[in-house]
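Have a look at this one.
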Amino acid sequence: MLHQRGLAYQAESLVNYDPVDKTVLANEQVDANGCSWRSGAKVEKLMLKQWFLKIKEFQEPLLKDLDTLADNGRWPDKVLAMQKNWIGKSEGTKLWFDIEAQSSDMHFDPVDVFTTRADTLFGVQYVALSLSHPIVQRLAADDESLQTFISRAKDLPPDTKEGYLLPNVVARNPLAQVTGFNDSTLPVYVAPYVLDDYGSGAVMGVPGHDTRDHSFWRTNAGEAPIKVVITAKQGASPPPLTPGSEDDQVMTARGFLTADIPEFANMPSKKAVKLMVQKLQNAGKRAEQTANWRLRDWLISRQRYWGTPIPIVHCQSCGPVPVPEADLPVELPNLPDSFFQGRSGNPLDEDETWKKTTCPSCGSAAERETDTMDTFMDSSWYFFRFLDPDNASSIVDPQKADAGMPVDLYVGGVEHAILHLLYARFISKFLATTPSWPSGHLVKGEPFQRLITQGMVHGETFTDPENGRFLRPDQVDTTVLSKPTIKASGLTPNVNFEKMSKSKYNGVDPGATIAKYGADATRAHMLFQAPVTDVLEWDEKKITGVQRWLQRMIRLSSAFWFPNKELATFRLAKHVDEDLGAIVRRYRDQRKLLQSEITNRQQLIATLTVPEAKLWTKTQQTIASVTESYAQSYSMNTIVSDLMTLTNTIWDAPHSSALMPWLKWHAVAHLIRMAAPIVPGVAEEAWHALYNNTHHTTSESEHDIAASVFTSGFPVADVDIIPHLNPMKTCVVQVDGKRKFEVEIPKAPASSFRDHATSNTLDVVFQLAQTLEGKEWLDRTTGKMWKMSETEESHSMHPAMPEDWKAIIVGGGKLVNFVSPKRPRN
C-alpha cells in the first residue's frame, strides 16, 4: 500500500552500518556517541542502495498533532518533548553562498545554507562542508591530505572541533557582496560536525554568536579575531573578540545589530532578517525564509535473516515490482543452522533457491528483494491486526478498525518514545488516509489516546565504603534491617537504590517474593510504593504494612453478628448495593424511626449519628476516588492508599447504634469489590467469608447470591449525598479579625444559630481547640487571650472566655471572631 502511494522507495544513500550485526541502521538507532543501539559497535558510514519510507510526507501532522496528545496530560510531557525534538522543525532562512576555486578552472555550484540566525550574516567568518558533500568528494579525488583527513574523521567523536581547510577554495558572503560593507571572501572548511542529512550538508560559521562555531574557529583559526555584529544594547559597536581575554564571550541571544553596520545599524534582529532577505532578493541573490526539519525518511532495509521480507521482486525489464497480494505474505526460507555457519553478511542473498523467482508483471526470470524490514515496521501496526487477526484478505476489516481504534490506553517503556511511537503514529496516519480505517481522520490518525510510560523497578545496592565495590547480599549482615553491616569488616555499607543489574547484585526474584509473601501482597506492594510512571525503589521491608492491611480486610469480613430475623431476609447479591435510604429503612431500630417517617434526603441524613455519617461519607468518597483512579488517572498507588484508609475507618468505627453493623457490612462489601482487581485472591477469600457470614438459606432462588466477588459488579458512588453526609464543618477562629487557627466542629441545624455568640458553638470551639494550636490562645492558664485581658473574671456568655472579650459567630459557626477589649488612647 505504501509502495502504491509512492511512500516506499529505493535510493542510494550514505547509511549507518553496524559492523557487528552487519546491517544498516536508521538514524534513530544510532546513539549520541555514534554507536549501534543494539550491538554497541561504532557505526560506519557506507553508500548503499536501500529501501525508505517517506515519513517526511507526514512530518507536519506528526509535529502539529502532538498538541492534541498533550491535552489534559494524555501523553507524558517528556515523550512529547522527545518526539518534538526528533522531528525538529526550525524556522529560518535558506541562503546561497558562491564557492570559487582560486587556482584552477574548476567550477562549483553555489551551496545552500540553512540558518535560524540570518541576523548574524555580517558576522559569518567561514563556511563548513560535511565529509560527504559533493564538493568535498570532488576535491578529494586529487587531494591526498583531504582523503587522509576524511578517513581519520570517521573515528572522531561526533562533537569534534577538528577541521580541514580547503586550499585555494573560498566562499562568498552574499550580503557582503551586495552591500560592500566588508570583505566577502570566506575560508571553506571540511568539518565532521556538519551532518549530511541536515540541510544540504553545509553550514555558515559565526564564531561571535554561536558556541560551537566559536570553539571550531579557536581550534582551527587560532589567534584570528572574531567579529561581533549583535549586541544586547542598541547603539553599541564592541571591538572584535581576542583569544585569552575576559571579553572572549559568545553573544548567543538576539538583540540589535551594531552601530557600525550601514543600512541595518541598531536594527532589532527580527526586523533585520526580513530586510536582509529582501535586500538579497532585490539584488538577484537567492534567499528565502523557510523551515528545516531534522526528521529524515525512515530507512527500513536490514540485512538480516530474521526480519520480515520486503515484498518486492526485481526484474531487469520491469524494475522493482510488488509481490501480488494473493502471494502475501512472503515467507522466509526454512534454513538449517548449518547454512549460517561460517557466513557473514545477508544470508538471504546467498540462498539462490529462495531468491530466484519470476516477475509478477512480465513472467521473466527475476530475483526477490533479499533485504528484510526493520522490526519496528512490524510493531508499527500490530494493534490494528489485533482487532482482526484471522483476516486472510486484508490487514484489518474497516468496521473493526473503526470500532476498536484508537487504542484507549497504551502502556510501554519510555525507551520507545522516539522509535516505536513515532513509527506507529506515521503508519496509523497513513492508514487513516486509506479505506482500512475510514474514521481515522476523526482522531487525526493518532493510534493511542492515552499513553503511560511505566517506571523501572530499582533494587537496593550495597557498596564497600573503602573501595566502592558492589557487595553480594550474602556479604552483608541484614539481621537488623535498619543497620546493615559488612560481614568481613564490620563496616556500614553505602546503601542506594539503582537499576537492577547482575553486576550490582540487586536483582529481585519475583518467584521468591511471591513464595514468601503471596502474589497479592507482592502486587499490592509494587503498586503502593510509587505511581506507575515513577521509579519504584523495591524495599521488601515495607511489604509487611501491606500484609497487615490484607489481614485486617480478611478479619473484617468475618467479624459480623446480626440478629437472625435480619439475616432471614438478607441476600448478599440482592442487597449489597442498597442506597443509604434503603439501608436505614431496612435496618434502623423501628422503635426510633418508622419507614414512613423518612420523606426526603435531608431528613434521612438527620437520622444518622456522627459516627454513622463519618463511616458512610468515607465509604462513598473512597468509591468515587478509586473509580476515578481505575478508570481515568490510573493512580494505582492512591487506590491502595485509599483502600487502606477505608479499612482503618471501618475497623475504628464504634458499634454505637443498631444501624452501625449494617453500614459497616456494606462498607466492607464495597471495600472487597474495589480491592479485587489488585488482590484477587485475598478479595475472593474475604468475599467468601462475608458470604458465609451473611447468607442463610431461604426460599429465594440461588441466582440472587453472588458467591464470587467477580460476579458482584463494582460499587457506584452516591456522589450527590457526599456533601450532605459530612457531620463536621470547618470553623475558622480569628482574633481581632486575623485568622489564628481552625477546628472541625459538628454541624447543627441552621435554625439553632444566630449571627451572635452562641453558647453551644463556643463550647465546641473551646473543647476542641484545647488539643490543637488554639490552646496557645484559649487556655485559661497560658493562653494569650487571658494574658491580654485586664480581668480574671469569666464572661457571662462562656466561662472559658475573659469578661472583657467579645465573641462574634458568623455563618452559623463557619467563623468565630474573638474581639479583644478596647484600650483607651493616651
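Just give me the residues in the stretch 221-234 being open to solvent by 50 Å² or more (accessible area, probe 1.4 Å), over 19 Å from Pro262 (Cα atoms) and touching a strand residue (DSSP E or B) at 6+ places or on another chain (Cβ under 9 Å), in sequence order.
If the condition is that a residue be open to solvent by 50 Å² or more (accessible area, probe 1.4 Å), over 19 Å from Pro262 (Cα atoms) and touching a strand residue (DSSP E or B) at 6+ places or on another chain (Cβ under 9 Å), then Pro225 is the only one that fits.
Would you pick out the residues in the stretch 250-263 that are within 43 Å of the chain's Cα centre (by Cα) and touching a residue at least 24 places away in the same chain (Cβ under 8 Å)?
Scanning the stretch 250-263 gives Val250, Met251, Thr252, Arg254, Gly255, Phe256, Leu257.
Okay, next question. What is the residue count in the stretch 320-364 for residues that are in a loop (DSSP other than H, G, I, E, B) and not basic (Lys, Arg)?
Summing the residues that are in a loop (DSSP other than H, G, I, E, B) and not basic (Lys, Arg) in the stretch 320-364 gives 23.
Looking only at the stretch 527-562, count how many residues are closer than 26 Å to Ala689 by Cα and either touching a Pro at 6+ places or on another chain (Cβ under 6 Å) or of a type in the set (A, V, I, L, M, F, W, C) (or both).
13
Got a number for residues in the stretch 782-826 being in a loop (DSSP other than H, G, I, E, B), under 60 Å from the mean Cα position of the chain (by Cα) and among the β-branched types (Val, Ile, Thr)?
Within the stretch 782-826, residues that are in a loop (DSSP other than H, G, I, E, B), under 60 Å from the mean Cα position of the chain (by Cα) and among the β-branched types (Val, Ile, Thr) number 1.
In the stretch 629-673, what count of residues is obtained for those that are touching a Ser or Thr at 6+ places or on another chain (Cβ under 6 Å) and more than 22 Å from His575 (Cα to Cα)?
Final tally of qualifying residues: 5.
Can you confirm whether the stretch 271-286 contains a residue that is under 30 Å from Leu121 (Cα atoms), touching a residue at least 60 places away in the same chain (Cβ under 8 Å), touching a Pro at 6+ places or on another chain (Cβ under 9 Å) and surrounded by fewer than 17 Cβ atoms within 10 Å (Cβ to Cβ)?
Looking for residues that are under 30 Å from Leu121 (Cα atoms), touching a residue at least 60 places away in the same chain (Cβ under 8 Å), touching a Pro at 6+ places or on another chain (Cβ under 9 Å) and surrounded by fewer than 17 Cβ atoms within 10 Å (Cβ to Cβ), one finds at least one in the stretch 271-286, hence yes.
Inspect all residues belonging to the stretch 427-445 and state whether any of them is over 26 Å from Tyr630 (Cβ atoms), touching a Phe, Trp or Tyr at 6+ places or on another chain (Cβ under 9 Å) and either at pLDDT below 95 or β-branched (Val, Ile, Thr) (or both).
yes
Next question, about the same structure. Just one of Gln454, Gln475, Gln449 is touching a strand residue (DSSP E or B) at 6+ places or on another chain (Cβ under 8 Å) and farther than 21 Å from Met500 by Cβ; which is it?
Gln449
Now for a different question. If you scan the stretch 543-573, which residues turn out to be open to solvent by 40 Å² or more (accessible area, probe 1.4 Å) and either of a type in the set (Ser, Thr, Tyr) or at pLDDT 65 or above (or both)?
Thr544, Gln547, Arg548, Gln551, Arg552, Ile554, Arg555, Ser558, Ala559, Thr569
Still on this model: Considering only residues that are at pLDDT 90 or above and open to solvent by 60 Å² or more (accessible area, probe 1.4 Å), look in the stretch 156-176 and name the one that is nearest to Trp217 (Cα to Cα).
Ranking the qualifying residues of the stretch 156-176, first place goes to Glu162.
Let me ask something additional. For the stretch 208-248, give me each residue that is in a loop (DSSP other than H, G, I, E, B) and of a type in the set (A, V, I, L, M).
Ala224, Val228, Val229, Ala232, Ala236, listed by residue number.
Could you please find all residues in the stretch 17-37 being touching a helix residue (DSSP H, G or I) at 6+ places or on another chain (Cβ under 7 Å) and part of a loop (DSSP other than H, G, I, E, B)?
Within the stretch 17-37, Trp37 is the sole residue that qualifies.
Does Gly468 meet the test of being modelled with pLDDT under 95, outside any strand (DSSP E or B) and of a type outside the set (S, T, N, Q)?
It is true that Gly468 is modelled with pLDDT under 95, outside any strand (DSSP E or B) and of a type outside the set (S, T, N, Q).
Within the stretch 71-80, can you find the residues that are open to solvent by 40 Å² or more (accessible area, probe 1.4 Å) and in contact with a helix residue (DSSP H, G or I) (Cβ under 8 Å, 6 or more places away or on another chain)?
Asp77, Lys78
So Met251 fits all but one of (1) over 12 Å from Thr120 (Cα atoms); (2) assigned to a loop (DSSP other than H, G, I, E, B); what number is the exception?
(1)
Okay, next question. Taking into account only those residues within the stretch 772-804 that are under 18 Å from Arg739 (Cα atoms) and modelled with pLDDT under 80, which is surrounded by the most Cβ atoms within 10 Å (Cβ to Cβ)?
Only one residue tops the list, namely Gly774.
Something else: Let me confirm something: among Leu53, Leu48, Leu14, which residue is surrounded by 15 or more Cβ atoms within 10 Å (Cβ to Cβ), touching a residue at least 12 places away in the same chain (Cβ under 8 Å) and touching a helix residue (DSSP H, G or I) at 6+ places or on another chain (Cβ under 9 Å)?
Of Leu53, Leu48, Leu14, the one residue that is surrounded by 15 or more Cβ atoms within 10 Å (Cβ to Cβ), touching a residue at least 12 places away in the same chain (Cβ under 8 Å) and touching a helix residue (DSSP H, G or I) at 6+ places or on another chain (Cβ under 9 Å) is Leu53.
Something else: Quick one: which of Gln303, Gln289 is of a type outside the set (A, V, I, L, M, F, W, C) and surrounded by fewer than 16 Cβ atoms within 10 Å (Cβ to Cβ)?
When all the criteria are applied, what remains is Gln289.
Restricting attention to the stretch 413-427, and to residues there that are touching a Ser or Thr at 6+ places or on another chain (Cβ under 8 Å) and open to solvent by less than 20 Å² (accessible area, probe 1.4 Å), which single residue is nearest to Val535 (Cα to Cα)?
The residue in question is Gly413.
Could I ask something else about it? What single numbered condition from (1) touching a residue at least 12 places away in the same chain (Cβ under 8 Å); (2) surrounded by fewer than 15 Cβ atoms within 10 Å (Cβ to Cβ) fails to hold for Glu60?
Condition (1) is where Glu60 drops out.
Could you figure out which of (1) of a type in the set (A, V, I, L, M); (2) part of a helix (DSSP H, G or I); (3) modelled with pLDDT of 85 or more isn't true of Ile678?
So Ile678 meets the others, but not (2).
Quick one: Pro654 ticks every box in (1) over 23 Å from Ala559 (Cα atoms); (2) touching a residue at least 24 places away in the same chain (Cβ under 8 Å); (3) open to solvent by 50 Å² or more (accessible area, probe 1.4 Å) bar one, so which box is it?
(1)
Separate question: Only one of Ala757, Ala750, Ala807 is at pLDDT below 80, among the hydrophobic types (A, V, I, L, M, F, W, C) and open to solvent by less than 60 Å² (accessible area, probe 1.4 Å). Can you tell me which?
Going through Ala757, Ala750, Ala807 in turn, the sole match is Ala757.
Would the stretch 685-708 turn up any residue that is part of a helix (DSSP H, G or I), modelled with pLDDT of 90 or more and under 34 Å from the mean Cα position of the chain (by Cα)?
no
If you don't mind, another one. Go through the stretch 590-637 and give me each residue that's at pLDDT 70 or above and of a type in the set (D, E, K, R).
Result: Glu612, Lys614, Lys618, Glu628.
Moving on to the next point. Given the options Leu195, Leu186, name the one that is open to solvent by 70 Å² or more (accessible area, probe 1.4 Å) and within 16 Å of Thr115 (Cβ to Cβ).
Answer to the check: Leu195.
Just for the stretch 239-249: of the residues that are within 27 Å of Val178 (Cα to Cα) and surrounded by fewer than 18 Cβ atoms within 10 Å (Cβ to Cβ), which one is nearest to the chain's Cα centre (by Cα)?
It comes out as Pro240.
Do we find that Ile395 is surrounded by 16 or more Cβ atoms within 10 Å (Cβ to Cβ) and in contact (Cβ under 8 Å) with a residue 60 or more places away in the chain in this structure?
Answer is no for this residue.
The values are calculated or read from the model by the stated rules, or taken from the named source; none is laboratory data. All values reported here derive from a predicted model rather than from experimental measurement. Counting neighbours? That spans all protein chains shown, and the Cβs are built from the backbone with ideal geometry, glycine included. For accessibility, only protein heavy atoms count, side chains too; no ligands or nucleic acids. Shrake-Rupley method; radii C 1.70, N 1.55, O 1.52, S 1.80 Å.
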